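Read the figures in this text as sums done on the coordinates, not as results from a lab. Since we're looking at a predicted model, the values are computed, not measured. So basically every Cβ, Gly included, is an ideal-geometry build from the backbone, and we count neighbours across all protein chains shown.
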Amino acid sequence: MTTNSGLLITSAQKDLLSPNGKAWGLTKETVIKNDINGKLKALAEAARTVNIPIIASPVSFDYAKLTGF
């Protein structure tokens, strides 16, 4: 059986997921509560194990224009 599968990871930026990130203060509670980093790592490892391609779609922010948060 042939399948067309892939793992697409979007918006996984250091600024959102790392304690050193610029937006960590906004995302810290959710990232830790839901173990986002651990789950992303597990998903990537599982995909590699069965040769599923991984596509990462980065997003960038202009922090100077983000106001009201």
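Computed values, structure above
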quantity	calculated
Pair list, Cβ under 8 Å, 6 or more apart: region 1-21 residue over 19 Å from residue 45 (Cα atoms), other residue surrounded by 15 or more Cβ atoms within 10 Å (Cβ to Cβ) and among the aliphatic types (A, V, I, L, M)	15/23; 16/23; 16/31
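Each row is one residue, and each column tells you yes or no for (1) surrounded by 11 or more Cβ atoms within 10 Å (Cβ to Cβ); (2) in contact with a Pro (Cβ under 8 Å, 6 or more places away or on another chain).
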site	(1), (2)
15	yes, no
18	yes, no
23	yes, no
26	yes, no
34	no, no
42	yes, no
47	yes, yes
51	no, no
64	no, no
